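Below is one structure; the comments refer to it alone.
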Amino acid sequence: MAKRILIINGPNLNLLGTREPGIYGAQTLADIGQLCADTGTELGLSIDFRQSNHEGELVSWIQDAGKDADAIIINPAAYSHTSVAIHDALKAVGLPTVEVHLSNIHQREAFRHHSYVSAVATGVICGLGAAGYTLALRALAEKL
């Protein structure tokens, strides 16, 4: 049976392709979703790709993943720097988790340098654009 990977995308990522393309690139979230689906097929993984602007919905998805997923990839976006709730949910479910950021958060504003998610993530990939998602999938395929 294929390992199940939940890929969660946080606030404003639905605007990819038009939002600050100099920072985030020209790919849309749908483009990244297709890239993940293709990579998942190649690796024999089942991919569930989601996005929400609502913190509570992201937390509920993480909690549900504890029952029906094998690993999580999360781009918490701005919630990286503010959400103890997402940190706590990831810690509670205890699944292998890779945090992904399209931009290098350490080269940006000082408030973006700290991520609550990093402390509970198995690994962190930032600054590599959409390739970060495929690298996360490959890493999780090896780990699982």
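The values are calculated or read from the model by the stated rules, or taken from the named source; none is laboratory data. This is a predicted model, so every value here is computed, not measured. So basically every Cβ, Gly included, is an ideal-geometry build from the backbone, and we count neighbours across all protein chains shown.
Conditions first: (1) crowded, with 18+ Cβ neighbours inside 10 Å; (2) within 21 Å of Asn12 (Cα to Cα); (3) more than 12 Å from the chain's Cα centre (by Cα). Leu128 passes all but one, so which condition is the exception?
(1)
At pLDDT 95 or above, in contact with a Gly (Cβ under 9 Å, 6 or more places away or on another chain) and under 15 Å from Ala130 (Cα atoms): does that describe Pro76?
On the way: at pLDDT 95 or above: yes; in contact with a Gly (Cβ under 9 Å, 6 or more places away or on another chain): yes; under 15 Å from Ala130 (Cα atoms): yes.
The answer is yes for Pro76.
Could you identify the single residue in Ser80, Ser115 that is part of a loop (DSSP other than H, G, I, E, B) and more than 19 Å from Asp38 (Cα to Cα)? Steps first, please.
Details: Ser80 fails: part of a loop (DSSP other than H, G, I, E, B).
Testing whether each residue is part of a loop (DSSP other than H, G, I, E, B) and more than 19 Å from Asp38 (Cα to Cα) leaves just Ser115.
Is it the case that Gly56 is assigned to a helix (DSSP H, G or I) and either in contact with a strand residue (DSSP E or B) (Cβ under 9 Å, 6 or more places away or on another chain) or surrounded by 20 or more Cβ atoms within 10 Å (Cβ to Cβ) (or both)? Step through it out loud before you land on a result.
Numbers: assigned to a helix (DSSP H, G or I): yes; either in contact with a strand residue (DSSP E or B) (Cβ under 9 Å, 6 or more places away or on another chain) or surrounded by 20 or more Cβ atoms within 10 Å (Cβ to Cβ) (or both): no.
So Gly56 does not fit the description; no.
Could you tell me which of the residues Asp70, Asp64 is farther than 17 Å from Thr134 by Cβ, charged (D, E, K, R) and buried (at least 18 other Cβ atoms within 10 Å of the Cβ)? Break it down into steps so the answer makes sense when it comes.
Numbers: Asp64 fails: buried (at least 18 other Cβ atoms within 10 Å of the Cβ).
Going through Asp70, Asp64 in turn, just one is farther than 17 Å from Thr134 by Cβ, charged (D, E, K, R) and buried (at least 18 other Cβ atoms within 10 Å of the Cβ): Asp70.
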